[in-house]
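The structure under discussion appears below in the form of structure tokens.
Read-outs: derived from the displayed coordinates by stated rules, not from any lab. Just so we're clear, the structure is a prediction, and the values are computed from it rather than from any experiment. Here the Cβ positions follow ideal geometry from the backbone for every residue, glycine too, while neighbour counts run over all protein chains shown.
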Amino acid sequence: MSKDKIWLSSPHMGGTERDFVKEAFDTNWVAPLGPNVNGFEKDLENYQGQNVHVAALSSGTAAIHLALIQAGVGPGDEVLCQSFTFCGTTNPILYLGATPIMVDSEPDTWNICPQSLKEAYQDRVRQGKTPKALLTVHLYGMPYKVDEVHAFAKANQLAIIEDSAEALGSTYKGRKCGTFGDYGILSFNGNKIITTSGGGAMVVPTKEQKDKTVFLATQARDNAPHYQHSEVGYNYRMSNISAGIGRGQMQVLDKHIALRRGMNAFYVHLFESIEGITVHIEPGPDYYSNHWLSAILVDPVKTGGITREDIRLALEDENIESRPLWKPMHLQPLYSDYPYYGSGVCEGLFEQGLCLPSGSNLTQADQKRIKNCIERLLR
Ligand SMILES: *Cc1c(COP(=O)(O)O)cnc(C)c1O
């Protein structure tokens, strides 16, 4: 049996990426602007629909930073955010000297709980600290309860920053994730559903917001022949080389989503007769997940004592990568001093959850190795 490493989620090139990169070299567009940047933005705009405008940036984290700035968040402001996420979601709140107010998840989508959100908001207002913005996440590609969450945010004038870094291609009620918020965030890091090796994007409803984003991402240079600056800018634009990879990846995005969804179906089948292990699936017909990562919950009371850590170690022995779910931010040392509102849902998910190999490039032989390993442990 082959013992090559099976990764959780690794880059999967479609084939034409090199052509776009070669063209960038051939035409000497080796810079953070050029035809691939414009072309990649166009591709993303067409893909997302809703007449959105897209600014290609150096990372998803940079996109969140620029979204918070444009939402008017500054030192001392409070920002409501989903605690159950990757630190790239929340760290930009700290860059700005603002305060993250962390909120629990609900068990259907594992994303922000509308009830806890309401409690958090009302408690902050009681303390005289009305939050300025809301940072939501479609974690693992699963859309959150958009209607409920956005109705609440709009009723309370909260700017919505929609972290869709893991959810390119996912939809809620037929509409693409990343087009619901005042600012939508995408990531093309190496482990995401498509990659530019590293990169991100901001999705916004108007051309003015896109122009403002590009302005801030290119050192906020005023219109003058010399370099003139009236506000703080950043060096956050995407490279024309990276964007070339992105253009190639866009050609295989839907195919790769189908393959990731196939991996999810594989796990549903693998675990369907196993007591105590449940696969994270869409809670209803309104939700369509790209299943960026497939994840399971392992209840040791029902599995006869087998924990998610037992499964992780058994896979590791076979050179198969798996990983616990994101550790909630309010449990991180860095965030332990900030407020948290919840009832233990995301803590439970972290305790029992495991992400399994989910890449679009996994072979039948890889699936067989995973299946054999799991069955050996559980049967
Ligand atoms: C990857 C990711 C980010 C950050 O994107 P980068 O491109 O890696 O900076 C933000 N939020 C979530 C949920 C992510 O998974």
Qualifying positions in region 58-73 - more than 9 Å from the ligand (Cβ to nearest atom) and touching a helix residue (DSSP H, G or I) at 6+ places or on another chain (Cβ under 9 Å): His65, Leu66, Ala67, Leu68, Ile69, Gln70, Val73
Scope region 1-27; condition in a helix (DSSP H, G or I) and β-branched (Val, Ile, Thr); matching residues: Val21
Matching residues, region 28-62, being in a helix (DSSP H, G or I), among the small types (Gly, Ala, Ser) and within 15 Å of Pro205 (Cα to Cα): none
Selected residue (criterion: nearest to Ile257 (Cα to Cα)) from residues of region 333-374 that are more than 20 Å from the chain's Cα centre (by Cα) and hydrophobic (A, V, I, L, M, F, W, C): Leu362
Criterion: more than 15 Å from the ligand (Cβ to nearest atom) and over 14 Å from the mean Cα position of the chain (by Cα) - qualifying residue of Ser197, Ser116: Ser116
Lone unmet requirement of (1) within 12 Å of the ligand (Cβ to nearest atom); (2) in a loop (DSSP other than H, G, I, E, B) for Gly128: (1)
Some residue of region 68-77 being of a type in the set (Asp, Glu), in contact with a strand residue (DSSP E or B) (Cβ under 8 Å, 6 or more places away or on another chain) and free of Cβ contacts under 8 Å to residues at least 12 places away in the same chain: no
Selection count, region 74-88, where residues are surrounded by fewer than 24 Cβ atoms within 10 Å (Cβ to Cβ), part of a loop (DSSP other than H, G, I, E, B) and either away from the ligand (no atom under 12 Å from the Cβ) or of a type in the set (Val, Ile, Thr) (or both): 4
Helices (runs of 4 or more DSSP H) completely within region 284-379 that count 3 or more residues being aliphatic (A, V, I, L, M): 308-317, 364-378
Some residue of region 10-25 being surrounded by 16 or more Cβ atoms within 10 Å (Cβ to Cβ), within 13 Å of the ligand (Cβ to nearest atom) and closer than 30 Å to Asp366 by Cα: no
Lone unmet requirement of (1) among the hydrophobic types (A, V, I, L, M, F, W, C); (2) outside any loop (DSSP other than H, G, I, E, B); (3) exposed (fewer than 12 other Cβ atoms within 10 Å of the Cβ) for Val203: (3)
Among the candidates Glu208, Glu166, Glu148, Glu231, residue that is assigned to a loop (DSSP other than H, G, I, E, B), of a type in the set (D, E, K, R) and more than 16 Å from the ligand (Cβ to nearest atom): Glu231
